[in-house]
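Notes follow once the structure below has been shown.
The values are calculated or read from the model by the stated rules, or taken from the named source; none is laboratory data. Keep in mind that what you see is a predicted model, and the values were worked out from it rather than measured. Neighbour counts are summed over all protein chains in view; Cβ atoms, including those assigned to glycine, are modelled from backbone coordinates with ideal geometry.
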6 protein chains.
Amino acid sequence: MQPLIEYEQSQGVVREVFDDIRATRKTDEINNFWKALANHPPTLQRTWATLKEVMAGSGELDPLVRELIYIAVSVTNGCNYCIASHRAAAVSKGMTDAMYGELMSIVGVANMTNRLANGFQVPIDDKFK
Amino acid sequence: MQPLIEYEQSQGVVREVFDDIRATRKTDEINNFWKALANHPPTLQRTWATLKEVMAGSGELDPLVRELIYIAVSVTNGCNYCIASHRAAAVSKGMTDAMYGELMSIVGVANMTNRLANGFQVPIDDKFK
Amino acid sequence: MQPLIEYEQSQGVVREVFDDIRATRKTDEINNFWKALANHPPTLQRTWATLKEVMAGSGELDPLVRELIYIAVSVTNGCNYCIASHRAAAVSKGMTDAMYGELMSIVGVANMTNRLANGFQVPIDDKFK
Amino acid sequence: MQPLIEYEQSQGVVREVFDDIRATRKTDEINNFWKALANHPPTLQRTWATLKEVMAGSGELDPLVRELIYIAVSVTNGCNYCIASHRAAAVSKGMTDAMYGELMSIVGVANMTNRLANGFQVPIDDKFK
Amino acid sequence: MQPLIEYEQSQGVVREVFDDIRATRKTDEINNFWKALANHPPTLQRTWATLKEVMAGSGELDPLVRELIYIAVSVTNGCNYCIASHRAAAVSKGMTDAMYGELMSIVGVANMTNRLANGFQVPIDDKFK
Amino acid sequence: MQPLIEYEQSQGVVREVFDDIRATRKTDEINNFWKALANHPPTLQRTWATLKEVMAGSGELDPLVRELIYIAVSVTNGCNYCIASHRAAAVSKGMTDAMYGELMSIVGVANMTNRLANGFQVPIDDKFK
């Protein structure tokens, strides 16, 4: 496993990104995800820029809805790190336990019906084309 | 491929479910998905009951958000039928083209960062446990 | 797309495998899957040998159960070719429409509960370790 | 992570489901999966009803075959909780070590050939349509 | 389905990206992927910038190897569009039929052994931690 | 979980495979993957023969490129064991940290664009057919 790069060790591009993460999130803490990506500075820089824009930039979907969508994908893919970190992010944006339960039930049902559509080889209705 | 069971051919449990679909959706049209599932009545009945409750029952998440979550899963799994049919459902509930674009960008980014978390073998932060 | 290699064009290792497919399956027809793999003879040879052994060799699971398992994987992965071809194989080994419906309902439910286990971050019970 | 709801703490719908789980499985033990789902009672209730019907209701597939299919999906999706718990369930229904080995070899081969079909872009044979 | 935005219709940011695609790829043709993404300009712009940097920017991996990796992911996910378009890209960078066959055999085997590792619940060796 | 079969306990076919692993890899150590598969000798034998041929046999792709492809699949599928063991194998064949970072960025981007292609329902360009 690669080492996690701590803020104190960081320099150059990595330090700049870490500073932006701190400023944007208004906390000195930097999640392990970013400390790990810091092992490859171009990936760190590009990923942070993309995530910041997509999850927190201007748009029609509100920040909590964006987190719910993000979690739906992570649960479908089974990414434990992503589930844990974005669940915390969603809670900080107002997600209740009931909302999480509803989210899970939708994700579960979609994963089920996706396979029923596959298995019954359902042709797409003309009206959906 | 299994035949699609048309409303006119349906009987018993299948007819009951088809009638409920028509009543709930306020249209005589029945999507191919349900016509295909009608080949196995218990699956049709159970799936419809579950979907109706999860996607349209009472809860804290509004109907459009539920559709966005459903699409996020379907795009991640690559279920073409589900993408086409639920995209139409989301549009009928108010989804704009801009919202769909934002949804896709979040789904894309989550699928990317899920793999970065896997590949960099990122340990879960204590605060997320 | 690669061309499909027809029996008449085949030579060397490809011809040998094609002859074994014909003999094993007791039919002159060769499925497109094998005609496509024939573009890379070592993959054709290895894949046929493995599939023959795993799906038709001696063992405790009967041939129909093996097909059901194979379909469960293919539906989960959304492989349309594999669903279509192995559904036909299962029918030839005795699968009824009711069995296919039951198979789909199990595959659907497992895909749902897999995600519920992910999303609720369920710790493994000590007794299952 | 959500707390696990123990039987002693359970009430209302959750208690009813827990009682039915105990009665159906003829044991006082309740798996962590259900204790976790109890955080969202409607999901608990619906999931248990579905699973009970699909995995233990009447049908043509015997209970052990149903478990093998369930495991095939869970291994494909990489759901560790589901693999561990349903492997135990399958053993209790008569699965031998040899059967598990055969199951794994089929799941492995199907995952391989699913990708070969994708990668070689194999067109579906007319006879399978 | 969303309309494809043709070069002649494009304006603003979309036109700028389309011009960069033409200049970078040294051809007037623009693939459907970019014409579809043009329905949401920020996604088009960000995705093109990322792809250009990752697939064609400076780095230690040569361009053909990058395409092989890209195809490996697309075949695993079953993305038909991505397989078709990047296979063509790989051929233009020197991929032979034999190399494609080898690539497929590795992708197939990895998908198989990934599931064997899941199913046999193999603990990670200390030396790999 | 199944027990790991140690070299000292191994006999018959398992011992033969273990000896071949030792000879091929020029080390007495046998990875947990093989010790686990030894619980089902035919799967052990077939998997080792396939992996040896595909990953180390003659061919146009060099051994390091093969490992990169293998890792790309394993990261996409989220197989922690496979990521850890093949990352070590790749390092032993010359993979640098920068190469691993580039590999991750390609895998991440491919997983993102695969979903964008799904979600925007992009039709395959005629020239790619």
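Here are the numbers for the structure shown:
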{"quantity": "Criterion (assigned by TED's automatic domain parsing to the domain that holds C:C82 and of a type outside the set (K, R)) met by exactly one of C:L64, C:L4, C:L37", "calculated": "C:L64"}
{"quantity": "In the stretch D:24-46, the residues that are charged (D, E, K, R) and either buried (at least 21 other Cβ atoms within 10 Å of the Cβ) or assigned to a helix (DSSP H, G or I) (or both)", "calculated": "D:R25, D:K35, D:R46"}
{"quantity": "Flag if B:V54 is within 15 Å of the chain's Cα centre (by Cα) and assigned to a helix (DSSP H, G or I)", "calculated": "yes"}
{"quantity": "Exclusive hit being within 30 Å of B:N80 (Cα to Cα) and modelled with pLDDT of 95 or more, set F:P123, F:P41, F:P63", "calculated": "F:P123"}
{"quantity": "Pick from the stretch B:1-23, criterion touching a residue at least 24 places away in the same chain (Cβ under 8 Å) and part of a loop (DSSP other than H, G, I, E, B), ranking: farthest from A:D125 (Cα to Cα)", "calculated": "B:S10"}
{"quantity": "Boolean, D:S58 is surrounded by fewer than 23 Cβ atoms within 10 Å (Cβ to Cβ) and either touching a residue at least 12 places away in the same chain (Cβ under 8 Å) or away from chain F (no Cβ under 13 Å) (or both)", "calculated": "yes"}
{"quantity": "Filter result (modelled with pLDDT under 95 and either loosely packed, with under 13 Cβ neighbours inside 10 Å or of a type in the set (A, V, I, L, M, F, W, C) (or both)) within the stretch A:1-23", "calculated": "A:M1, A:P3"}
{"quantity": "Condition check for A:I69: closer than 30 Å to C:I83 by Cβ and either within 13 Å of chain D (Cβ to nearest Cβ) or surrounded by 21 or more Cβ atoms within 10 Å (Cβ to Cβ) (or both)", "calculated": "yes"}
{"quantity": "Flag for C:A49 being within 14 Å of chain B (Cβ to nearest Cβ) and surrounded by fewer than 23 Cβ atoms within 10 Å (Cβ to Cβ)", "calculated": "no"}
{"quantity": "Residues that are facing another protein chain (nearest Cβ under 7 Å), within 14 Å of E:V65 (Cα to Cα) and surrounded by 21 or more Cβ atoms within 10 Å (Cβ to Cβ), drawn from the stretch E:85-103", "calculated": "E:E102, E:L103"}
{"quantity": "Matching option when the condition is without any contact (Cβ under 8 Å) to a residue 60 or more places away in the chain, closer than 29 Å to E:E102 by Cβ and within 13 Å of chain B (Cβ to nearest Cβ), among C:N77, C:N39, C:N111", "calculated": "C:N77"}
{"quantity": "Output for the stretch D:114-125, where each listed residue is more than 7 Å from chain C (Cβ to nearest Cβ) and over 14 Å from C:K35 (Cα atoms)", "calculated": "D:R115"}
{"quantity": "Qualifying residue in the stretch D:77-96 (condition: modelled with pLDDT under 95 and not basic (K, R))", "calculated": "no"}
{"quantity": "The stretch F:72-82: number of residues that are surrounded by fewer than 24 Cβ atoms within 10 Å (Cβ to Cβ) and on the phi < 0 side of the Ramachandran plot", "calculated": "1"}
{"quantity": "Test for A:A49: is it at negative phi, in a helix (DSSP H, G or I), among the small types (G, A, S) and in the same structural domain as A:S10 (by TED's automatic domain parsing)", "calculated": "yes"}
{"quantity": "Qualifying residue in the stretch E:80-92 (condition: more than 12 Å from the chain's Cα centre (by Cα), not assigned by TED's automatic domain parsing to the domain that holds E:Q11 and not basic (K, R))", "calculated": "yes"}
{"quantity": "Residue within the stretch D:21-33 that is of a type outside the set (S, T, Y), over 13 Å from the mean Cα position of the chain (by Cα) and at positive phi present", "calculated": "yes"}
{"quantity": "Selected residue [touching a Cys at 6+ places or on another chain (Cβ under 6 Å), in a helix (DSSP H, G or I) and not acidic (D, E)] from C:S105, C:S74, C:S85", "calculated": "C:S74"}
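For every residue, the table says whether it meets (1) among the β-branched types (V, I, T); (2) in contact with a Lys or Arg (Cβ under 8 Å, 6 or more places away or on another chain); (3) farther than 30 Å from E:V13 by Cα.
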{"residue": "E:N32", "(1), (2), (3)": "no, no, no"}
{"residue": "E:V54", "(1), (2), (3)": "yes, yes, no"}
{"residue": "E:L61", "(1), (2), (3)": "no, no, yes"}
{"residue": "E:V109", "(1), (2), (3)": "yes, no, yes"}
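Table: residues versus (1) closer than 28 Å to D:T76 by Cβ; (2) not hydrophobic (A, V, I, L, M, F, W, C).
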| position | (1), (2) |
| --- | --- |
| F:A23 | no, no |
| F:D28 | no, yes |
| F:F33 | yes, no |
| F:A72 | yes, no |
| F:T76 | yes, yes |
| F:G94 | no, yes |
